[in-house]
Amino acid sequence: MILMSNEQKKYCVIFKNLETTIPEVKKKLRENSFCVIKKIILKKDLNYIHGLFKKRFKSMPEIRRSYDWKFKMKDFKRLDVGDSYKNSRFSRTITFSEWNKNNNEFYNIVDKIIKVRNALSNVKKNFFIYDNVVPFKRKHNKNKIFCDLVRMLQYPTGGGFLTQHNDFEKNYPEKIFPAILTVTSRKKRKRSHLSTYEKGGLYFIKNNKKMNVEDMMDSGDLVLFDQKISHGVNSVDPHKKIKLNELNGRITLAFSVGVFSKK
């Protein structure tokens, strides 16, 4: 049983099954522009995901920039430092593409997250491709397709961060709710078994103020939000030394639908 304060009840639902959870989430998204689904991923499955992150972290070479996403591309690991992107950041990415067979077990675990997000966004996927999504403020390009973009995001100990922004932009289709799974949580979260950092984390801008969502999120919780709500990641443990050769700090799994080139 999960006990929640009145404040948490305003923003959170406890995952039961798709049929009962989706209407509750819809209501809270309408009211608050974001919603936290508690315990959507079980402890054993979360351990598998975290273990997979560790293996890929050690085995994959690291690139500096990935440029455009391409259909049937290989997975990659990338370190982002600076302001070369829409919003400045210090973070690391590892992709998990659905078409790569070594990700089959991973996708079996996270499939319920994708189903929840798709039901809320009223989109359907057919052989990796979303045919019924609307391109963001532009005509449809026959050489571009929409596919799941699932990425580990690490905000390293020593100041990992993401500046304030929103996800209403050209690399994503309109009216699809971004979703972020908490893999590791702050150390004061007593219900989390993967607690790896002390300070910082995800925030939303509500009533022109920062609302730190980490105060209500544990390992295995999912947050979904409106594309237009401003959000960011406050610096993670900036008082500690940077150790880029370790999988440390705040670790999440982000679910988007991205624009991929056919060629």
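The values are calculated or read from the model by the stated rules, or taken from the named source; none is laboratory data. For clarity, every value in this text was computed on a predicted model and none was experimentally measured. For neighbour counting, all protein chains shown are included, and Cβ atoms are generated from backbone atoms with ideal geometry for every residue, glycine included.
Quick check on E31: is it without any contact (Cβ under 8 Å) to a residue 60 or more places away in the chain and in contact with an Asp or Glu (Cβ under 6 Å, 6 or more places away or on another chain)? Give the steps one after another, and end with the answer.
Numbers: without any contact (Cβ under 8 Å) to a residue 60 or more places away in the chain: yes; in contact with an Asp or Glu (Cβ under 6 Å, 6 or more places away or on another chain): no.
It is false that E31 is without any contact (Cβ under 8 Å) to a residue 60 or more places away in the chain and in contact with an Asp or Glu (Cβ under 6 Å, 6 or more places away or on another chain).
Scan the stretch 82-99 and report the pairs whose first residue is assigned to a strand (DSSP E or B) and whose second residue is among the β-branched types (V, I, T) and surrounded by fewer than 19 Cβ atoms within 10 Å (Cβ to Cβ), with Cβ atoms within less than 8 Å and a gap of 6+ or a chain change.
R89/V81; R89/T163; F90/V81
Within the set of pairs 6+ apart or on separate chains, which have a first residue in the stretch 149-166 that is on the phi < 0 side of the Ramachandran plot, a second that is of a type in the set (D, E, K, R), and C-beta atoms under 6 Å apart?
Q154/R92; Y155/R250; T157/D237; T157/K240; L162/R89; N166/K228
If you check K16, K44, which single one turns out to be of a type outside the set (A, V, I, L, M, F, W, C), out of contact with any Cys (no Cβ under 9 Å at 6 or more places or on another chain) and in a helix (DSSP H, G or I)? Please lay out each step first, then the result.
Working: K16 fails: in a helix (DSSP H, G or I).
Residue meeting the stated conditions: K44.
Test of understanding: among D68, D75, which residue is at pLDDT below 95 and not in a helix (DSSP H, G or I)? Lay out the reasoning, then the answer.
Numbers: D75 fails: at pLDDT below 95.
Every option except D68 fails the conditions.
Find the residue count for the stretch 66-82, including only residues that are farther than 12 Å from L149 by Cα and either out of contact with any strand residue (DSSP E or B) (no Cβ under 7 Å at 6 or more places or on another chain) or β-branched (V, I, T) (or both).
4
Do you know which residues across the stretch 152-161 are assigned to a strand (DSSP E or B) and surrounded by fewer than 23 Cβ atoms within 10 Å (Cβ to Cβ)? Before the answer, list the steps.
At the first step, the residues of the stretch 152-161 found to be assigned to a strand (DSSP E or B) are 152-155, 160-161.
Those that are assigned to a strand (DSSP E or B) and surrounded by fewer than 23 Cβ atoms within 10 Å (Cβ to Cβ): L153, F161.
Between residues in the stretch 100-115 that are part of a helix (DSSP H, G or I) and residues that are polar (S, T, N, Q), which pairs lie under 9 Å by C-beta distance while being six or more apart or on different chains?
N103/S97
Which of (1) out of contact with any Lys or Arg (no Cβ under 6 Å at 6 or more places or on another chain); (2) closer than 14 Å to F177 by Cβ; (3) outside any helix (DSSP H, G or I) does K28 not meet, given it meets every other one?
(3) is the only condition that K28 fails.
Looking at this structure, is R64 in contact with a Lys or Arg (Cβ under 9 Å, 6 or more places away or on another chain), over 13 Å from L181 (Cα atoms) and surrounded by 15 or more Cβ atoms within 10 Å (Cβ to Cβ)?
Working: in contact with a Lys or Arg (Cβ under 9 Å, 6 or more places away or on another chain): yes; over 13 Å from L181 (Cα atoms): yes; surrounded by 15 or more Cβ atoms within 10 Å (Cβ to Cβ): no.
So R64 fails the test.
Return the residue satisfying two criteria in turn: it lies in the stretch 162-172 and is polar (S, T, N, Q) and over 17 Å from T93 (Cβ atoms), and of such residues it is surrounded by the most Cβ atoms within 10 Å (Cβ to Cβ).
Within the stretch 162-172, the subset polar (S, T, N, Q) is 163-164, 166, 171.
Cutting the leftovers down to over 17 Å from T93 (Cβ atoms) gives us 164, 166.
Numbers: Q164: 15, N166: 17.
Ranking the qualifying residues of the stretch 162-172, first place goes to N166.
Scan the stretch 204-257 for residues that are surrounded by fewer than 18 Cβ atoms within 10 Å (Cβ to Cβ) and either under 25 Å from Y48 (Cβ atoms) or among the charged types (D, E, K, R) (or both) and jot them down.
K206, K209, K210, D215, K228, K240, K241, K243, L244, N245, E246, A254
Where residues in the stretch 1-32 are at pLDDT 85 or above and among the β-branched types (V, I, T), which of them is surrounded by the fewest Cβ atoms within 10 Å (Cβ to Cβ)? Show your work before the answer.
Here is the first cut: in the stretch 1-32, the residues at pLDDT 85 or above are 9-32.
Narrowing further to those that are among the β-branched types (V, I, T): 13-14, 20-22, 25.
Working: V13: 20, I14: 17, T20: 11, T21: 20, I22: 16, V25: 22.
Once the filter is applied, the top-ranked residue is T20.
Of all residues in the stretch 212-263, which are among the acidic types (D, E) and farther than 17 Å from I113 by Cβ? Step through it out loud before you land on a result.
Within the stretch 212-263, the subset among the acidic types (D, E) is 214-215, 218, 221, 226, 237, 246.
Those that are among the acidic types (D, E) and farther than 17 Å from I113 by Cβ: E214, D215, D226, D237, E246.
When the stretch 126-156 is examined, which residues are found to be modelled with pLDDT under 95 and of a type in the set (D, E, K, R)?
The answer is D131, K137, R138, K139, K142, K144.
So which of S219, S235, S256 is part of a strand (DSSP E or B), under 24 Å from K28 (Cβ atoms) and of a type in the set (S, T, Y)? It would help to see each step written out before you state the result.
Details: S219 fails: part of a strand (DSSP E or B); S235 fails: under 24 Å from K28 (Cβ atoms).
Only one candidate qualifies: S256.
How about the stretch 173-198: which of its residues are surrounded by 18 or more Cβ atoms within 10 Å (Cβ to Cβ), in a loop (DSSP other than H, G, I, E, B) and without any contact (Cβ under 8 Å) to a residue 60 or more places away in the chain? Reasoning before the result, please.
So in the stretch 173-198, the residues surrounded by 18 or more Cβ atoms within 10 Å (Cβ to Cβ) come out as 173, 176-186, 189, 192, 194, 196-197.
Then drop every residue that is not in a loop (DSSP other than H, G, I, E, B), which leaves 173, 176-178, 183-184, 189, 192, 194.
Passing the criteria: R189, S192.
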